Amino acid sequence: MSSSKLQKIAKRIAKEDKVLFDSLIEFEKTRKIKTKTRLNFTIDKSIALKFRNFCKSKGYNMSAKIEQIMEDMIKKR
């Protein structure tokens, strides 16, 4: 495959799917694929404490549960 064709494909991927493109760049640098991202937002302290305790009592991973809830909400729209 020619270099110009690869460049066109890379530009298309970068435009259409930035997450995928960034993952490929990261892989080139580290030889590892990261599929997670860190989010920063605020939550009411009492809700956070209750959720933490709930997850701990059930043996749940808090991040995985939040991710599951987010995914469910997206599917329901």
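Taken together, the values in this text are just the output of simple stated rules run on the coordinates, not laboratory data. For clarity, every value in this text was computed on a predicted model and none was experimentally measured. In this analysis, Cβ positions are derived from the backbone assuming ideal geometry, glycine residues included, and neighbour counts consider all displayed protein chains.
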- Query: Among the lysines, which have Cα under 22 Å from the Cα of K58 when same-chain residues fewer than 8 positions away are ignored?
  - Reply: K45, K50
- Inter-site label distance for S63 and T35 at 7 Å from Cα along Cβ, in nm: 1.3
- The list [x] 87; [y] 163; [z] 113 gives values of volume of the Cα convex hull per residue in Å³, and only one came from this structure; which label was calculated from it? [y]
- The size of the Cβ-based charge dipole (Lys, Arg +1; Asp, Glu -1) of the chain about the Cα centre, to the nearest 20 debye, is 60
- Task: For the stretch 40-62 and the stretch 23-37, write down the distance between their C-alpha centroids in whole Å.
- Result: 29
- Using the 2.2 N^0.38 Å rule of thumb for compact globular proteins, work out how the stretch 36-77 stacks up: its C-alpha Rg over that value, please. 1.26
- Query: Roughly speaking, what is the stretch gain from I47 to I74, that is 0.36 nm per residue apart minus the C-alpha to C-alpha distance, in nm to one decimal?
  - Reply: 7.5 nm
